[in-house]
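Engineer: Before anything else, here's the structure in question.
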Amino acid sequence: MRTRTRLARIAAATTALAATAVFAAVPSSAAPQQADHHAPAKPKPTIVLVHGAFADTSSWNGEITRLEQRGYNVIAAATPLRGVASDGAYIKALVDSVDGPVVLAAHSYGGSVITDAALNDPKVQALVYIAAFLPDQAENALDITKKFPGSTLSASLRQVTLPGGETDLYVKQDLFPELFAADIPLPQARQMAAGQRPVTAAAVNEVSGAPAWKNIPTWDLIPTADNSIPLAAQEWMAERARAHTVVVPGAAHDVYVSHPDKVTDIIVDAADATTE
């Protein structure tokens, strides 16, 4: 009798333990769920690259390769180089066609263009200026180059009168390497001189409207051996815009051709800031 009682007690205990294990393995709908406090990751912005005068989209080839390797979608825009307002409208239309946020990066005269294009555009998360103009309202590119000593741009230009009465400007090919591309091999600089795209005289004399850099986070890369936009002018514009600034000692105006790693890095810094 005692043996039967002990066996019954053991069986009951075993059943209770098994039931406890089963219930422990099944999550209770009443149990509080742990909240996920991690916000969804922000998408990487598309990088839109805007070349300036006397250049074309191939000038950005080094940056395109490096940015794509880092997972960015990249568009190198073919800037019309006809006028600040019209070029700005062209770039704005391109930006509006892109899904998601955008970082605009520009070289030289392209800086004037993105300053206009990005105004009041919520898609543009950052502006990156590479040896570029950051004009304020009512300023133009030529006036800025003349504001400080050091530019040889005006004396290096060749004019071509167009049938409609407009004037195209080219850099004289024999002066192009020294003005624009003094830090790359001479054969490459001569190729760039032969393939340069002209800008209209009206474009470099056209005054800027209200600048987007007053309301959009801004980065600026400054080459110290620029014979096109004086170093003092670039430093003055960067300080005025309160830009995050990177200086590349000894680099020429074509710094995006000669130093694509440094240019890519500052663009990525700007892009990273938009996803924080």
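Let's see how each residue does on (1) among the aliphatic types (A, V, I, L, M); (2) at pLDDT below 95:
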| position | (1), (2) |
| --- | --- |
| Glu235 | no, no |
| Glu239 | no, no |
| His253 | no, no |
| Val257 | yes, no |
| Val263 | yes, no |
| Glu276 | no, yes |
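For every residue, the table says whether it meets (1) touching an Asp or Glu at 6+ places or on another chain (Cβ under 8 Å); (2) more than 13 Å from Tyr129 (Cα to Cα).
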{"site": "Gln191", "(1), (2)": "no, yes"}
{"site": "Ala201", "(1), (2)": "yes, yes"}
{"site": "Val247", "(1), (2)": "no, no"}
{"site": "Ala252", "(1), (2)": "yes, yes"}
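Engineer: Go through (1) crowded, with 22+ Cβ neighbours inside 10 Å; (2) touching a strand residue (DSSP E or B) at 6+ places or on another chain (Cβ under 7 Å) and name the single condition Asp254 misses.
Structural biologist: Of (1) crowded, with 22+ Cβ neighbours inside 10 Å; (2) touching a strand residue (DSSP E or B) at 6+ places or on another chain (Cβ under 7 Å), only one is false for Asp254: (2).
Engineer: Sticking with this structure for a sec: Step by step: first the residues of segment 74-121, then only those that are farther than 26 Å from Pro260 by Cβ and open to solvent by less than 40 Å² (accessible area, probe 1.4 Å), then the one that is nearest to the chain's Cα centre (by Cα). Which residue is that?
Structural biologist: Asp121
Engineer: Here is a check on your reading of the model: is Ala270 small (Gly, Ala, Ser) and touching a Phe, Trp or Tyr at 6+ places or on another chain (Cβ under 9 Å)?
Structural biologist: Taking the combined requirement at face value, the residue satisfies it.
Engineer: Right, another one. Working only within segment 192-235, note down all residues that are among the polar types (S, T, N, Q), surrounded by 15 or more Cβ atoms within 10 Å (Cβ to Cβ) and out of contact with any strand residue (DSSP E or B) (no Cβ under 8 Å at 6 or more places or on another chain).
Structural biologist: Within segment 192-235, Ser208, Asn227, Ser228 qualify.
Engineer: Asp183: surrounded by 14 or more Cβ atoms within 10 Å (Cβ to Cβ) and touching a helix residue (DSSP H, G or I) at 6+ places or on another chain (Cβ under 6 Å), yes or no?
Structural biologist: Judged against the criteria, Asp183 is a match.
Engineer: A follow-up question, please. Among the residues of segment 125-135, which ones are over 14 Å from Glu235 (Cα atoms) and either open to solvent by 10 Å² or more (accessible area, probe 1.4 Å) or among the aromatic types (Phe, Trp, Tyr) (or both)?
Structural biologist: The answer is Gln125, and nothing else.
Engineer: So, restricting to helices (runs of 4 or more DSSP H) that lie completely within segment 36-127, which ones have at least 1 residues that are touching a strand residue (DSSP E or B) at 6+ places or on another chain (Cβ under 6 Å) and within 14 Å of Ile216 (Cβ to Cβ)? First the steps, then the outcome.
Structural biologist: Values: elements: 61-69, 84-96, 110-117.
It comes to 84-96, 110-117.
Engineer: Lys214: without any contact (Cβ under 8 Å) to a residue 60 or more places away in the chain, under 20 Å from the mean Cα position of the chain (by Cα) and over 14 Å from Tyr109 (Cβ atoms), yes or no?
Structural biologist: Taking the combined requirement at face value, the residue satisfies it.
Engineer: Condition test on Ala138, is it within 24 Å of Ile114 (Cβ to Cβ), within 28 Å of the chain's Cα centre (by Cα) and either in contact (Cβ under 8 Å) with a residue 40 or more places away in the chain or assigned to a loop (DSSP other than H, G, I, E, B) (or both)?
Structural biologist: Yes.
Engineer: Can you list residue pairs whose Cβ atoms sit under 8 Å apart, with the first residue in segment 186-207 being part of a helix (DSSP H, G or I) and the second being among the basic types (Lys, Arg) and at pLDDT 95 or above? Count only pairs 6 or more apart in sequence or on different chains.
Structural biologist: Ala202/Arg82; Ala203/Arg82
Engineer: Of all residues in segment 148-180 being touching a residue at least 60 places away in the same chain (Cβ under 8 Å), within 19 Å of Pro223 (Cα to Cα) and not hydrophobic (A, V, I, L, M, F, W, C), which is surrounded by the fewest Cβ atoms within 10 Å (Cβ to Cβ)?
Structural biologist: Pro149
Engineer: Please go through segment 39-61 and pick out each residue that is crowded, with 17+ Cβ neighbours inside 10 Å, on the phi < 0 side of the Ramachandran plot and not β-branched (Val, Ile, Thr).
Structural biologist: Listed by number, the residues that qualify are Lys44, Pro45, Leu49, His51, Gly52, Ala53, Ala55, Ser59, Trp60.
The values are calculated or read from the model by the stated rules, or taken from the named source; none is laboratory data. These figures come from a predicted structure and were not determined experimentally. Virtual Cβ from ideal backbone geometry, glycine too; neighbours counted across all protein chains shown. Heads up: the accessible areas ignore ligands, DNA and RNA and are worked out on the full protein's heavy atoms, side chains in. Shrake-Rupley method; radii C 1.70, N 1.55, O 1.52, S 1.80 Å.
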